[in-house]
Amino acid sequence: MLATYLFFGLALLAVLGALGLILFKHPMNGAMSFVVTLISLAGLYALLSAKLIFAIQLIVYAGAIMSLILFIIMFLNIQERDLPIDSNRWFYLAGGIIVVAPIAGLMIKIAKSLPEEHPELIDGFGDVKTVGHLLFTEWLLPFEIVSILLLVALVGAVVLAGKRGVN
Amino acid sequence: MSAELVLSGAVFIGLALAIPTIMVLTAVFGPRSGGEAKNAPYESGITQVVGMADQKFSVKFYLLAILFLIFDIEAVFMYPWAVSLRELGVFGFIEMVVFILLLLTGLIYILKKGVLNWR
Amino acid sequence: MSALDILIILLRVAFGAFVPLSFVAVLVWMERRGAAFFQDRAGPNRCNVYGIRAGGLIQNLADGIKLIFKEDIVPGHIQHKLYFILAPMLVFITALLCFAVIPFADVLVLGDREYVMQAVPMDVGILWFLAVVGFGVYGIILAGWSSHNKYGVLGGLRAAAQVISYEIPMGLSLVSLLAVYGTVDLSAIAQYQGQLLFGFIPAWGFVLQPLGVIIFIVAAFAETNRTPFDLAEGESEIVAGYHVEYSSMKFALFFMGEYVAMFVSSALIVTLYFGSYQIPWLSTETLVAHARPVVILLMIGLPVIAYFFAGWIKKNNRTHYYRADDPRSRETAIYVSLLWSLVVVLEVILLIYLIFAAGGAADRILVLLLQIGSFLIKTFLMCFVYVWVRWTLPRFRYDQLQKIGWEKMLPLALLNIFITGAIIVSFS
């Protein structure tokens, strides 16, 4: 019962934050409302007993990625007058809704086809240890590919920044 | 999610949010006065403000933030590994050595490129 | 949930929220008196209430009241007032939330119920700490950015860059520690440190991770923006950094947030590397099993400590020249009588315990209190190390700071992971 109320509260916050992200004009307002979304998502993961995912959501998404974005907003020092006048905002918004609508329909279909009864959680579900064991035995190849992906991202960032002259 | 966890979490977060409201105390007790100098950016006593605070900064800060993001993701991958290292054994160790070597290659590349030379 | 459950939950949360807060006063006092001690002067010692100066602690009270009665200025050039007000609150809240997962005593067993002695009994432990520390950057960035002041922006930028740079070595030094303990739950980590290594060395983190402890402590200093890493508020260059536009209680919140962060990171260092609440060589089981001898030892020890403490007060707290009706002697007399009445009260409580309550739940609660004491003493000493370092080392230059973080600490942390992993794998 408690879990249901928490779910609705967090889901509402997540949706409001996401709306704020697309509707606010100033990038700082958008970023801060996105933080709300990310933290509510972490709360939803916690409700599903996915403890490691909860922590990773907070550390990587709400922590690292958002501080990267805030950092950029800060050092670019974007002020109200720097922002482009986008008169087509509502047009883009409508276009976005049309593109996303089929996906949303699919999601609703999936949610409706979910079984009614709650499956029993296996022992240690979502624990750091259990996930670690699975990740490093069954999902080994994706893990190593991720490391190469990160390396590529790192080199790419340096090269792109270097074009404008790092020094 | 046990009721114990929810209750203590809610009370603790509530307290943490409530304590900063002592800020309101100054609004009640503090004096109020206007003044042109008080409404200008603080410049160590110079009332004629020189320049504004809206210049752009070096791209290096941006690179630093990207590096932080990438290494943070790598560190996050290491926590589950560290916790289950005893069960994973030698094989798990070798996996992480490969991972760390790739990481180290990236780090050496950055250092050789002089990204972190602040001059 | 029974009434006892709710009572213990509330007590735990109250401990987790109010102990860091009351330690702010102690730490500010320690910082000032410590600075005075290192610079061979007296430090603040004049503020008093009816002649009682409490060794300078009254000065904090005076400062707090002063900050409340200051003018609360929000300069007119600030466009984003919401973020300007939110920033100090965020700094404070994130610092306090970190303490939620730190255990301050062993699991309390009452009847058939077990109570984990953390403010919030989460088993993600150290990951929660890392997540919330990451949020601390928001407060700094928002403060610097919304101040819209040259010094503020520079200070915020520097502080944010420094905090995110040192989060990496901190996280990586934790990896090898987690590999040793095999868990992320701080309560389990604390219990692990109650063991003995080879039968006689306490298995504390700094014995198991000699390199990791150095990396972690240095990173923790940088995370809390303390000297030698306090160039975010380098007075000589950028005035006060990101809190240059803040005044009155908003500034006080930054200030309190900084000291809460210092307390929490000391508590975390103690939890991870210095045996948490464990009293060396005396595990929880030993203490519970031998509660009576421990109490008798305490009853003998308390008056002895009080005697020497009273002697120390009498020796130091007096006017060093002739003064008619010396107010300091009067103050000393009050302190000494307070001290002895405290000792008498404690002795009576312990005596009542010995006669009526020994055995069962009372033993557990006694051990709990002893462990809380041990935890607070260790944390206090670690905070003193912070003050000690502050008044001993000069400030780094910005490029030196980044160089140490990325070129020295990061490879060292990776090396530490490699060595630790190799040892664990070859022994298991």
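Look at the stretch C:386-403 and say how many of its residues are within 14 Å of chain B (Cβ to nearest Cβ) and either in contact (Cβ under 8 Å) with a residue 24 or more places away in the chain or assigned to a loop (DSSP other than H, G, I, E, B) (or both).
So in the stretch C:386-403, the residues within 14 Å of chain B (Cβ to nearest Cβ) come out as C:396-403.
Cutting the leftovers down to either in contact (Cβ under 8 Å) with a residue 24 or more places away in the chain or assigned to a loop (DSSP other than H, G, I, E, B) (or both) gives us C:396-398, C:401-402.
Total meeting the criteria: 5.
Yes/no per residue for (1) in contact with a strand residue (DSSP E or B) (Cβ under 9 Å, 6 or more places away or on another chain); (2) closer than 26 Å to B:A82 by Cα; (3) surrounded by fewer than 20 Cβ atoms within 10 Å (Cβ to Cβ); (4) touching a residue at least 12 places away in the same chain (Cβ under 8 Å):
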site	(1), (2), (3), (4)
C:L172	no, yes, no, yes
C:L177	no, yes, no, yes
C:S187	no, yes, no, yes
C:F206	no, yes, yes, yes
C:L211	no, yes, yes, yes
C:P228	no, no, yes, yes
C:Y242	no, no, no, yes
C:Y246	no, no, no, yes
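Which one of the conditions (1) on the phi > 0 side of the Ramachandran plot; (2) free of Cβ contacts under 8 Å to residues at least 60 places away in the same chain does A:M74 fail to meet, given that it meets all the rest?
So A:M74 meets the others, but not (1).
Those residues that are away from chain A (no Cβ under 12 Å) and part of a helix (DSSP H, G or I), I need them from the stretch C:95-137; list them, please.
Within the stretch C:95-137, C:A95, C:L96, C:C98, C:F99, C:A100 meet the criteria.
Hey, among the residues in the stretch C:246-298 that are more than 14 Å from chain B (Cβ to nearest Cβ), among the small types (G, A, S) and in a helix (DSSP H, G or I), which one's nearest to C:F356 (Cα to Cα)?
If we take residues in the stretch C:246-298 being more than 14 Å from chain B (Cβ to nearest Cβ), among the small types (G, A, S) and in a helix (DSSP H, G or I), then C:A291 is nearest to C:F356 (Cα to Cα).
Scan the stretch C:354-374 and give yes if some residue there is more than 14 Å from every other protein chain (Cβ to nearest Cβ), closer than 25 Å to C:L172 by Cα, part of a loop (DSSP other than H, G, I, E, B) and in contact with a helix residue (DSSP H, G or I) (Cβ under 8 Å, 6 or more places away or on another chain), otherwise no. Steps first, answer last, please.
Looking only at the stretch C:354-374, we keep the residues that are more than 14 Å from every other protein chain (Cβ to nearest Cβ), and these are C:354-374.
Add one more test, that the residue is closer than 25 Å to C:L172 by Cα, and what stays is none.
No.
Which one of these is closer than 28 Å to C:Q402 by Cβ and of a type in the set (S, T, N, Q): C:S165, C:S187?
On the way: C:S187 fails: closer than 28 Å to C:Q402 by Cβ.
Criteria check complete, one pass: C:S165.
Every residue in the stretch A:111-147 that is at the interface with chain B (Cβ under 9 Å from one of its Cβ atoms), in a helix (DSSP H, G or I), under 20 Å from B:L101 (Cβ atoms) and over 22 Å from the mean Cα position of the chain (by Cα), please.
The answer is A:L140, A:E144.
Let me spell it out: the conditions are (1) crowded, with 16+ Cβ neighbours inside 10 Å; (2) more than 22 Å from B:L63 (Cα to Cα); (3) at pLDDT below 90, and A:G17 meets all of them except one. Which number is the exception?
Result: A:G17 fails condition (3) only.
Which members of the stretch C:419-428 meet the condition of being buried (at least 17 other Cβ atoms within 10 Å of the Cβ) and free of Cβ contacts under 8 Å to residues at least 60 places away in the same chain? Don't jump to the end; show me each part of the working.
Looking only at the stretch C:419-428, we keep the residues that are buried (at least 17 other Cβ atoms within 10 Å of the Cβ), and these are C:420-421, C:424-425.
Matches in the stretch C:419-428: C:V425 only.
Name the one entry in C:G205, C:G194, C:G241 that is over 22 Å from the mean Cα position of the chain (by Cα) and either at pLDDT below 80 or of a type outside the set (S, T, Y) (or both). Reasoning before the result, please.
On the way: C:G205 fails: over 22 Å from the mean Cα position of the chain (by Cα); C:G194 fails: over 22 Å from the mean Cα position of the chain (by Cα).
The unique qualifying residue is C:G241.
Just need a number here: residues in the stretch B:56-104 that are under 22 Å from C:V184 (Cα atoms) and of a type in the set (S, T, Y).
The number of residues fulfilling the criteria is 2.
Can you pull out the residues in the stretch C:1-37 that are surrounded by 18 or more Cβ atoms within 10 Å (Cβ to Cβ) and either β-branched (V, I, T) or assigned to a loop (DSSP other than H, G, I, E, B) (or both)?
Those that are surrounded by 18 or more Cβ atoms within 10 Å (Cβ to Cβ) and either β-branched (V, I, T) or assigned to a loop (DSSP other than H, G, I, E, B) (or both): C:I8, C:I9, C:V13, C:V19, C:V24, C:V28.
Only one residue in C:I73, C:I85 is surrounded by 16 or more Cβ atoms within 10 Å (Cβ to Cβ), aliphatic (A, V, I, L, M), in the same structural domain as C:Y259 (by TED's automatic domain parsing) and not in a helix (DSSP H, G or I), so which one is that? Explain how you work it out, then say what you get.
Numbers: C:I85 fails: not in a helix (DSSP H, G or I).
None of the other options fit; the residue is C:I73.
Residue by residue, here is whether (1) over 19 Å from C:H148 (Cβ atoms); (2) within 19 Å of the chain's Cα centre (by Cα) holds:
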| site | (1), (2) |
| --- | --- |
| A:M1 | yes, no |
| A:T4 | yes, no |
| A:F8 | yes, yes |
| A:G20 | yes, yes |
| A:M32 | no, yes |
| A:L41 | yes, yes |
| A:A46 | yes, yes |
| A:I56 | yes, yes |
| A:I85 | yes, no |
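Which residues, taken from the stretch C:60-113, are farther than 28 Å from C:L27 by Cα and of a type in the set (S, T, N, Q)?
Once the filter is applied, which keeps residues that are farther than 28 Å from C:L27 by Cα and of a type in the set (S, T, N, Q), the stretch C:60-113 yields only C:Q79.
Out of A:L68, A:L52, which single residue is free of Cβ contacts under 8 Å to residues at least 12 places away in the same chain and within 11 Å of chain C (Cβ to nearest Cβ)?
Values: A:L52 fails: free of Cβ contacts under 8 Å to residues at least 12 places away in the same chain.
Of A:L68, A:L52, the one residue that is free of Cβ contacts under 8 Å to residues at least 12 places away in the same chain and within 11 Å of chain C (Cβ to nearest Cβ) is A:L68.
Could you figure out which of (1) more than 22 Å from A:G124 (Cα to Cα); (2) touching a Pro at 6+ places or on another chain (Cβ under 9 Å); (3) among the small types (G, A, S) isn't true of C:G171?
Among (1) more than 22 Å from A:G124 (Cα to Cα); (2) touching a Pro at 6+ places or on another chain (Cβ under 9 Å); (3) among the small types (G, A, S), C:G171 violates only (2).
The values are calculated or read from the model by the stated rules, or taken from the named source; none is laboratory data. These numbers were taken from a predicted model, which means no experiment stands behind them. Neighbour counts run over all protein chains shown; Cβ positions are idealised from the backbone, glycine included.
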